[in-house]
Each structure stands twice: as C-alpha cells, then as structure tokens.
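Taking it in order: structure first as structure tokens, then the write-up.
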Amino acid sequence: MKIKEVQTNSNATLEKVEVVSKGDVRTFDKFGKSGRVCNCVIKDDSGEMELTLWNDEIDAIEAGQKVKITDGWVKEWNGKMQISAGKNGKIEKI
C-alpha cells in the first residue's frame, strides 16, 4: 500500500517508507501511567504523512531509515493523517 491510498480510521500496511524527520520526544501521564511519544514524517513516492512512535519505538527508529509498518492504525489528529503501530501492528527497520 502507498501513503496516498491510506484511509482514516482503518488499518494499513506500508511496505517501504522513509523516515524523513523525527520530532521532539514528549512525556505524558495518562490513566496513572507515564510514557513517551514522538511524531515523525514519513514518505514514499506517493506522498508524506505523520508516523507516531510510542515509548520503546522512539529509540529504535531514526531519521533517514527505511521502515515497514505492518497493520498500523491510521487516524486524523489536528487535521493531519497519522499512522502508528497501534495495539496489533508493528514497525520494523528494513
């Protein structure tokens, strides 16, 4: 699947995307647990979108790397489509 084919509120698998940039890591507290979150920009030959990394994913992924996102969850936040691994997906370096 290409980025331009991704639909909001659905699962998506992106075979090969490049992490263009990695934003600042933020911390949060929710439901009595703390964690970290970071937004990245990813691209393929069809377009760009945001990738949200959570906790340990942040340390595993760097700008300039190519990744595969399997069964990621796509949502819209502040008018932009974002993909993350969600509960059942995974992000891996290729």
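Residues considered: 30, 68, 43, 93. Of these, the only one that is touching a residue at least 24 places away in the same chain (Cβ under 8 Å), out of contact with any Gly (no Cβ under 9 Å at 6 or more places or on another chain) and surrounded by fewer than 13 Cβ atoms within 10 Å (Cβ to Cβ) is 93. Would you mind stating whether residue 57 is farther than 24 Å from residue 5 by Cβ and not in a strand (DSSP E or B)? Considered against the rule, which asks whether it is farther than 24 Å from residue 5 by Cβ and not in a strand (DSSP E or B), residue 57 comes out as no. Within the stretch 29-46, being outside any loop (DSSP other than H, G, I, E, B) and more than 12 Å from residue 19 (Cα to Cα) holds for 29, 30, 33, 34, 35, 36, 37, 38.
Of the residues 91, 58, 69, the single one that is within 14 Å of residue 22 (Cα to Cα) and of a type in the set (A, V, I, L, M, F, W, C) is 58. If you check residue 50 against the conditions, is it surrounded by 15 or more Cβ atoms within 10 Å (Cβ to Cβ), acidic (Asp, Glu), part of a strand (DSSP E or B) and under 11 Å from the mean Cα position of the chain (by Cα)? Here the answer is yes, as residue 50 does meet what is asked.
Readers should treat all values here as calculations from the given coordinates under stated rules, not as data from a laboratory. Predicted model only: the values in this text are computed from it and were never measured. Here Cβ is always computed from backbone atoms with ideal geometry, including for glycine, and neighbour counts include all displayed protein chains.
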